[in-house]
């Protein structure tokens, strides 16, 4: 781990020579990514807002989550794309 820490410190120093940077402490969320530190020192990144938005657009909102008979007829099913048409809907990634 010492070598990794040394590499990180060197990279931060090189960035600080070019840019004005500050240490904001531990990161837990950035640009819609939720960042979790696991007990075994690994990092897990998830996008809960994008996941929730996608589920909502597919008809799986809080009222139907995990229940039979969702708006698509089966639990956890998503509509299949038929044909090769371009998407004309814009996605708003929050």
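Among residues of region 14-30 being assigned to a helix (DSSP H, G or I) and surrounded by 10 or more Cβ atoms within 10 Å (Cβ to Cβ), the one that is nearest to the chain's Cα centre (by Cα) is 15. Restricting attention to region 6-32 and to residues that are modelled with pLDDT under 90 and touching a helix residue (DSSP H, G or I) at 6+ places or on another chain (Cβ under 9 Å), the residue that is nearest to residue 52 (Cα to Cα) turns out to be 32. Only a single item in (1) within 21 Å of the chain's Cα centre (by Cα); (2) modelled with pLDDT under 85; (3) exposed (fewer than 10 other Cβ atoms within 10 Å of the Cβ) is not met by residue 69, and it is number (1).
Suppose we filter 3, 62, 74 for residues that are part of a helix (DSSP H, G or I), surrounded by fewer than 10 Cβ atoms within 10 Å (Cβ to Cβ) and modelled with pLDDT under 85; which single one remains?
Numbers: 62 fails: part of a helix (DSSP H, G or I); 74 fails: part of a helix (DSSP H, G or I).
It is 3.
The values are calculated or read from the model by the stated rules, or taken from the named source; none is laboratory data. Note that the coordinates shown come from a computational prediction; the quantities given were computed from them, not determined experimentally. Neighbour counts are summed over all protein chains in view; Cβ atoms, including those assigned to glycine, are modelled from backbone coordinates with ideal geometry.
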